[in-house]
Protein chains: 2
Amino acid sequence: MRSPHPLRNGETPSPHHRIPDPHAHFHSTVALRKIRRFNLLILVLRLATFCFSLASFVFMLTNSSGSGSPHWYDFDAFRFSLAANAIVALYSLFEMGASVWEISMGVTLFPEIVQVWFDFGHDQVFAYLLLSTGSAGTELARTLNGTVTCTATNAFCVQSAIAIALGFAGFLFLGLSSLLSGFRVVCFIINGSRLHL
Amino acid sequence: MRSPHPLRNGETPSPHHRIPDPHAHFHSTVALRKIRRFNLLILVLRLATFCFSLASFVFMLTNSSGSGSPHWYDFDAFRFSLAANAIVALYSLFEMGASVWEISMGVTLFPEIVQVWFDFGHDQVFAYLLLSTGSAGTELARTLNGTVTCTATNAFCVQSAIAIALGFAGFLFLGLSSLLSGFRVVCFIINGSRLHL
């Protein structure tokens, strides 16, 4: 049974009441656009993290100029750096997939509470991991710089330094992602939905 | 003018309406107790950070067993570790003061918006700083372990390792503080008050 006076014009809809009228539809369109932009920003950060950590992994892996030259696996800190960058590249690839899924389908890959906590926890831990291996690698590269390893095969030391610098760039973008996913967690805790901005 | 039927018993007060009745007073007492507990938890974490980073600073500073033995200032990574732990100890001392002030006076030391962002930003940056210097120090200690420095004066290497481990413990508590202060920032953004839990 319809109301005789629908009151379409002149009413002031509260943004907190989701009543099915054109104003509410307009409001939800604006909110959806904001959410879409937020998700796109996360996707871009994931892509940047993936590119830099993959580049760091490849630079470190190919860091050997011959049979007489030293290898990355001769040094613990370089091994850690390679492993950490490989883990972060795989994780970023997975998260990019999850992000694309969320943007195209409108729902998260896992149940929402699992997804927001999974993203935030892994972002934090992997950001710390990447920074830690980067610092250890930097210190090793600095120590090597004065030794015979670097005077004999300078290319090895230069390429190690580049790989470590790329890892730091990956850390930067992963740290920014962790801020955004932390924001999503608290939105979820307070509003019961990651979508409320 | 008082209402003839005050309806003290049997009513169901909504927790979201701050009407001045005994139930609302009861509700705000519960909320205040929660906030007090939250602030005390932050204070305990600050205290733990302060103790561990001060201990790390002192262990590193006193790490020299004679004129012939090596000093902490001969090694860059140990110098960074000492400086980072000194900075974090001073910062934690200041934050403990601010926290005690907030618990006793009920207001923040700085304006609220400055305080929550100050706490969160510094917690994040100093946690990354402490982890980074800790990792670099660990790598240097590992490298030194096979050299003549450690075979000649083993006490120096052991004490360095202890100082670095204490720095990692400080990082752990600072990281936990940064999670709590991040929570306060988002509470402030969403509710306009750090006090809404």
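Looking only at residues of region B:96-106 that are farther than 16 Å from B:Ser181 by Cα and of a type in the set (Gly, Ala, Ser), we find that the one that is surrounded by the fewest Cβ atoms within 10 Å (Cβ to Cβ) is B:Ser104. Residues of region A:105-146 that are small (Gly, Ala, Ser) and at pLDDT 90 or above: A:Gly121, A:Ala127, A:Ser132, A:Gly134, A:Ser135, A:Ala136, A:Gly137, A:Ala141. Among residues belonging to region A:158-178 that are closer than 30 Å to A:Asn39 by Cβ and of a type in the set (A, V, I, L, M), point out the one that is most open to solvent (accessible area, probe 1.4 Å). Across region A:158-178, the extreme among qualifying residues is A:Leu172.
Taken together, the residues in region A:153-176 that are within 10 Å of another protein chain (Cβ to nearest Cβ) and of a type in the set (Ser, Thr, Tyr) amount to 0. Which condition number does A:Trp117 fail, the rest of (1) in contact (Cβ under 8 Å) with a residue 40 or more places away in the chain; (2) within 11 Å of another protein chain (Cβ to nearest Cβ); (3) open to solvent by 60 Å² or more (accessible area, probe 1.4 Å) being met? So the condition that A:Trp117 fails would be (2). Would region B:71-83 turn up any residue that is part of a loop (DSSP other than H, G, I, E, B) and in contact (Cβ under 8 Å) with a residue 24 or more places away in the chain? Yes; the residues of region B:71-83 include at least one that is part of a loop (DSSP other than H, G, I, E, B) and in contact (Cβ under 8 Å) with a residue 24 or more places away in the chain. The lone criterion from (1) without any contact (Cβ under 8 Å) to a residue 40 or more places away in the chain; (2) surrounded by fewer than 21 Cβ atoms within 10 Å (Cβ to Cβ) left unmet by B:Ala155 is number (1).
Do you know which residues across region A:49-70 are modelled with pLDDT of 90 or more and open to solvent by 20 Å² or more (accessible area, probe 1.4 Å)? Reasoning before the result, please.
Here is the first cut: in region A:49-70, the ones modelled with pLDDT of 90 or more are A:49-62.
Residues satisfying the conditions are A:Phe50, A:Cys51, A:Phe52, A:Leu54, A:Ala55, A:Phe57, A:Val58, A:Phe59, A:Leu61, A:Thr62.
Scanning region A:84-106 for residues that are away from every other protein chain (no Cβ under 14 Å), of a type in the set (A, V, I, L, M) and in contact with a helix residue (DSSP H, G or I) (Cβ under 8 Å, 6 or more places away or on another chain) yields A:Ala86, A:Ile87, A:Val88, A:Ala89, A:Leu93, A:Met96, A:Ala98, A:Val100, A:Ile103.
Residue under question is B:Leu109, and the condition is that it be open to solvent by 20 Å² or more (accessible area, probe 1.4 Å), farther than 30 Å from B:Thr151 by Cα and not in a helix (DSSP H, G or I); does it hold? Walk me through how you get there before you give the answer.
Details: open to solvent by 20 Å² or more (accessible area, probe 1.4 Å): yes; farther than 30 Å from B:Thr151 by Cα: yes; not in a helix (DSSP H, G or I): yes.
Yes, satisfied.
Among the residues of region A:126-152, the ones that are assigned to a helix (DSSP H, G or I), more than 10 Å from chain B (Cβ to nearest Cβ) and open to solvent by 50 Å² or more (accessible area, probe 1.4 Å) come to 4 in all.
The values are calculated or read from the model by the stated rules, or taken from the named source; none is laboratory data. Being a predicted model, the structure only gives us computed values, none of them experimental. Don't worry about glycine lacking a Cβ; one is built from the backbone with ideal geometry, like all the others, and counts go over all protein chains shown. Just so you know, the surface numbers come from the protein's heavy atoms only, side chains and all, with ligands and any DNA or RNA stripped out. Shrake-Rupley method; radii C 1.70, N 1.55, O 1.52, S 1.80 Å.
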